[in-house]
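The values are calculated or read from the model by the stated rules, or taken from the named source; none is laboratory data. What you see is a predicted model, and the numbers here were worked out from it, not measured in a lab. Cβ placement follows ideal geometry from the backbone for every residue including glycine, while neighbour counts extend to all protein chains displayed. With ligands, DNA and RNA removed, areas are computed over all heavy atoms of the protein, side chains included. Shrake-Rupley method; radii C 1.70, N 1.55, O 1.52, S 1.80 Å.
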Amino acid sequence: MQTLLDEQQGIRRRRSGVLPTTGSAQAYTPAVFATAFLTLATLLVLRNRVLFSAVVNEGGDSGANSILVLRAKDFDQLVGNYSRIGFNHPGPAFLYVQAFGEWLLHDLLHLVPSPWNGQAVALLVLNAALLAGTLAVLAGWLRSWAAIGLAGAVLLGYAATVPDPVIAGTWMPLLYFPPFLLLLTAAASVAAGRTDDVWVLGVAGGLLMHGHAAFLFFVPVIAGAAIAVLIRHRRREPAGDGLFRGHRRAWLLLAGVLAVFALPILVNLVLHWPGEFGKYFGYGSSAQAGGHSPWSAAWYVVCFWPGEHPVVRPIMAVGLWTAAVVLTRRLPDGPNRRYLRTVLGFAGLATALFAVYAQFGIDHLSETYIGFFSYALPLLIITVVVLAAVELLRSQAPRLAAPRVVAAAAAIALVAGLFAAGTSARLGTPRYDDVPAVPAAMASLTSSAAGRPVVLELRRDRQLPDPTPLLLAGKRSATRICILDPWWTWIVTKELVCTADEVATGHRVLLSMAGDVPTGSAVIADLGRTVLSLPAESAPAG
């Protein structure tokens, strides 16, 4: 009798697509993760091996983030990187990853020649782990090395052809692509019935919400929808595993993940109420946020789809979506069909949320970098099309799609993807603003300051000069360099803004854009795009 009940329960599971989380799924997942992680990490690190030889004196966004990374190394950073809107993003998770990389690879092991290089390597390894996690989630359903090989080939080929380095980026807007891709695949997995992936959903969502305030909108809706659908499935199958029974480890992992991500945000709220959230609400209710037409928002959404010409992109989006829907509907009943259709559902939800965000949340739709994370949406649809086509071929033409044929095709595609990714410039040197003249400028500045704090005044005529390379170099050395204008507090922290005593007694210098140096000032150092000089009233006569 018990055997009969078990068989009937298995039939119900196969029809609904809700599979147990034991057995072969657990056998595939860790092996796929380890293989994919080692492959991707090796590819990214070797492709960016210049990081182990080139000295980088970072500036711009990289320099501003490195100032926060130094605070993270002292476990004193509670918020994320700055936003041009005038606030910091919710959490410091990415900054702590960078801090770990700087400490391990530069400070401890001396494997890289400058601190930022260690940060960059750590971010590349994080990207590899998140992408491997995505393939591992897929493996839990597909249970086929050939299918995972095809998915990996699609990922690598896509990364080699999109306009921006989505898997090799170290710039914050690019870092949101891997966790967003993982969020959608994990959400679909949870909604399709795999409770054990719920903690993966927490990891991806936590990283995203730490990284950018916009994900405070995306993540709760997507994760909430996944868990709501899971609860609905479990209630329809009272004889099944249940929501918590048999999945205690997954829920405990989720609780631990959420606690880690929530800790710095809660501490910041307690110490600096209402923290950055008051600024988020202020921006969201201001005239600066959104105000775009639905047509403009839709055009912004499709601009991240494949196509050299803008007119081609909506056609590609409609065509790929149509192919994905048609192919998944024709799949035979089973877990693969259910999961791939659920992926489409969450890709559709994410697309709708992105359109809403573009219309009501983004201030200037000309700023395309804000939507870099959405490159994950075309990739998901293309992956579904490829996997559904292979699965359909296997079910309707078993001789043509025999396991050996599929495995051989997957191997060829994977090798081609590795070659394309390995030779693509989009996986090459990460983006950063290098200022090679910083060491020489620091030597001149230290000599002229004669032990006094350096008060940095910025001259703005046509463009605002970047003070972060000098501020960062001062913070990493024994030379105190601070900035005169307190407006910079939200970018460089209060610690690097001059006090009243420093303004009164310090050595004041002027930082100007090249070509904007005021007449009569004595040049201390030429940093390339900017020039450091003594103000006219401080310049020596003669």
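Rounded to the nearest 500 deg cm²/dmol, what is the calculated helix-only ellipticity per residue at 222 nm for the chain, with -39500 (n - 2.57) per DSSP H run of length n ≥ 4? Let's see the in-between values first.
Values: 21 runs with 321 residues, N = 542.
Roughly -19500 deg cm²/dmol at 222 nm, from the helical runs in the chain.
Cysteines without a disulfide-compatible partner in the chain, using Cβ under 4.7 Å as the rule?
Flagged as lacking a Cys partner: CYS303.
When N counts the residues of region 276-347, how does its alpha-carbon radius of gyration compare numerically with 2.2 N^0.38 Å, as a ratio?
Region 276-347 yields a ratio of 1.62.
Quick one: accessible area per residue over region 218-328, 1.4 Å probe, rounded to a whole number of Å²?
Here the residues of region 218-328 average 60 Å² of exposed surface.
How about LYS279: which lysines have a C-alpha closer than 18 Å to its C-alpha, ignoring those fewer than 8 places off in the same chain?
Reachable lysines: LYS494.
How big is the shadow of the Cα convex hull of region 293-407, averaged over all directions, in nm²?
8.2
Can you match Rg/Rh (Cα atoms, Kirkwood Rh) to one of these, (i) 0.98; (ii) 0.95; (iii) 1.03, based on a calculation from the structure here?
(iii)
Sequence gap at least 6, Cα distance under 8 Å: using those rules, report the relative contact order of region 295-393 to the nearest whole percent.
43
Would you mind calculating the relative contact order of region 264-339 from Cα pairs under 8 angstrom and at least 6 residues apart, reporting the percent as a whole number?
For region 264-339, the relative contact order is 12 percent.
Of all the accessible heavy-atom surface of the chain, with the other protein chains kept in place and a 1.4 Å probe, what percent is carbon and sulfur?
Roughly 64 percent, rounded to a whole number.
Using only Cα atoms, figure out Rg for region 217-277 and give it as a multiple of 2.2 N^0.38 Å.
Values: Rg = 15.9 Å, N = 61, 2.2 N^0.38 = 10.5 Å.
Rounded to two decimals, the normalised Rg is 1.52.
Counting alpha carbon pairs within less than 8 Å and at least 6 residues apart, what relative contact order, in whole percent, applies to the chain? All intermediate terms of the calculation are to be shown ahead of the outcome.
Values: 870 pairs, mean separation 105.1, N = 542.
Here the relative contact order equals 19 percent.
What number, in nm² with one decimal, is the all-direction average of the projected area of the convex hull of the alpha-carbon atoms of region 37-129?
Directional mean of the projected Cα hull area for region 37-129 stands at 6.1 nm².
Can you tell me the mean projection area, over all orientations, of the convex hull of region 112-255's alpha carbons? Units nm², please.
10.3
Please compute, for the alpha-carbon atoms of region 441-542, the extent along each of the three principal axes and give them in descending order in Å.
35, 30, 23 Å, listed from the longest principal axis down.
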